[in-house]
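Below is one structure, written out as C-alpha cells, with a few remarks after it.
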Amino acid sequence: MYVVFLGAPGAGKGTQAAEVAKELKLAHIATGDMFRDAQKKGTKLALEAKTYMDKGMLVPDEITIKMVLERISAPDCVKGVIFDGFPRNLAQAQALDKAMAEQSKAIDHVVYIKVSEEELLKRLGGRWICRQCQSPYHEVASPPKVKGKCDKCGGELYQRSDDVPATIKERLKVFFAQTAPLIDYYSKTGKLVEVNGEGGMDEIKQRILKAVGKKSPR
Ligand code: AP5
C-alpha cells in the first residue's frame, strides 16, 4: 500500500507516519528527516538544502525528487510506503505518479491531516526532536520520560532551527501557496481523505487506519 500524508507543518505527519508505518509494516519516507540526516554527514547537497530549510522555503525539486526516487527503489519499499512531507507541490506529485506508474504501481490513499493554525503554532513552538532517531516530542502533549533524552534510543533532544516564529510563519505561507493545491489535485483522483488531526495521538491514528481501510487490531 502506498499512502501520502499531506498536512501543514506541525499537523502531526511525522508522529502519525511513524506509528502507522510500524503497524502496517510499510516503509516510512520523510523527506525532512532525510535532509536532516544528510546534514549530519555534511554533504554539499545537504548543506545547500539547509539554506532553504532555515528560511522555511522548499528545497529545489531537482534535489528532492532525485533523492525520493532513489529511496523508493530500495528493497524495503516493495511492500509499500508512507510518504511524509512528499510530495509538496504539483511537480513533485507528477514526478511521483510517473515513477510509480513506471513500476506498475500507484498511490492508493492520500490522507490530509487537518489541524487549525492556532494548534499548529502551539505544536511547533513546543516540539523537541531526537538528534539520533528523529522521534518528535512535545513539552506539553508528549514529553519524554527524562527531560532532554529520547525514550526510544536515549539520544539528545533538540529544537529544530526552523521551529522559530519567523520561519514557522514562512513555512505556513509556503504550505498554503505550494502544497495546499495538492488537496485539489488528489481530490480529483478520488484518493483523498480528510482526517481531523486534533485530539489524542492514538485517536488520530485510529482515524487514519480507518481512512486507509485498515482497522487497528485493538
Ligand atoms: P519537514 O521536516 O517535512 O517539516 P514539515 O512538513 O514542516 O512538518 P513538521 O515536521 O514540522 O511537522 P509534522 O506534520 O511532521 O508534525 P510532527 O509529527 O513533528 O520539512 C522541513 C523542511 O524540509 C521544509 O520546510 C523544506 O525546507 C524541506 N523539505 C522537506 N520535504 C520537502 C519536499 N518534499 N520538497 C522540498 N522541500 C522539502 O508534530 C509536531 C509537534 O506536535 C510535535 O512536537 C508532536 O509531538 C506534537 N503533536 C503531534 N500530534 C499531536 C497531537 N495529536 N496533539 C498534540 N501534539 C501533537
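Just a few scattered comments:
- When GLN39 is tested against (1) within 11 Å of the ligand (Cβ to nearest atom); (2) among the polar types (S, T, N, Q); (3) closer than 28 Å to GLY197 by Cα, exactly one condition is not met: (3).
- Look at the stretch 125-148: where a residue is at positive phi and a partner is more than 8 Å from the ligand (Cβ to nearest atom), sitting 6+ places away or on another chain with Cβ atoms under 6 Å, you get GLY148/LEU157.
- When the residues of the stretch 50-88 are filtered to those that are touching a Leu at 6+ places or on another chain (Cβ under 7 Å) and open to solvent by 20 Å² or more (accessible area, probe 1.4 Å), the one that is nearest to GLY12 (Cα to Cα) is ARG88.
- Taking the criterion of being within 11 Å of the ligand (Cβ to nearest atom), hydrophobic (A, V, I, L, M, F, W, C) and either surrounded by fewer than 22 Cβ atoms within 10 Å (Cβ to Cβ) or part of a loop (DSSP other than H, G, I, E, B) (or both), the residues of the stretch 8-28 that qualify are ALA8, ALA11, ALA18.
- Taking the stretch 195-211 as the range and being surrounded by 13 or more Cβ atoms within 10 Å (Cβ to Cβ) and either touching a helix residue (DSSP H, G or I) at 6+ places or on another chain (Cβ under 8 Å) or of a type in the set (S, T, N, Q) (or both) as the test, the residues that pass are VAL195, GLY197, GLU198, MET201, ILE204, LYS205, GLN206, ILE208, LEU209.
- LEU209 touching an Asp or Glu at 6+ places or on another chain (Cβ under 8 Å), of a type outside the set (D, E, K, R) and not in a loop (DSSP other than H, G, I, E, B): yes
- Pairs linking a residue in the stretch 46-75 that is of a type in the set (Phe, Trp, Tyr) to a residue that is assigned to a loop (DSSP other than H, G, I, E, B) and open to solvent by less than 40 Å² (accessible area, probe 1.4 Å), with Cβ atoms under 7 Å and 6 or more positions apart or on different chains, are TYR52/LEU58; TYR52/VAL59.
- ARG88 assigned to a helix (DSSP H, G or I) and within 15 Å of ALA17 (Cβ to Cβ): no
- For the stretch 197-207, the criterion of a residue being within 21 Å of GLU19 (Cα to Cα), more than 10 Å from the ligand (Cβ to nearest atom) and out of contact with any Leu (no Cβ under 7 Å at 6 or more places or on another chain) is satisfied by at least one position.
- Any hit, the stretch 86-104, residues being within 8 Å of the ligand (Cβ to nearest atom) and at positive phi: no
- Residues within the stretch 131-157 that are modelled with pLDDT of 95 or more and either hydroxyl-bearing (Ser, Thr, Tyr) or under 23 Å from THR51 (Cα atoms) (or both), tallied: 2
- Test: residue in the stretch 50-63 that is outside any helix (DSSP H, G or I), of a type in the set (Gly, Ala, Ser) and more than 7 Å from the ligand (Cβ to nearest atom): no
The values are calculated or read from the model by the stated rules, or taken from the named source; none is laboratory data. Quick caveat: nothing in here was measured; it's all calculated off a predicted structure. A quick note on method: Cβ atoms are made from the backbone with ideal geometry, for glycine too, and the neighbour counts reach across all protein chains shown. The area values use the complete protein model at the heavy-atom level, side chains included, leaving out ligands, DNA and RNA. Shrake-Rupley method; radii C 1.70, N 1.55, O 1.52, S 1.80 Å.
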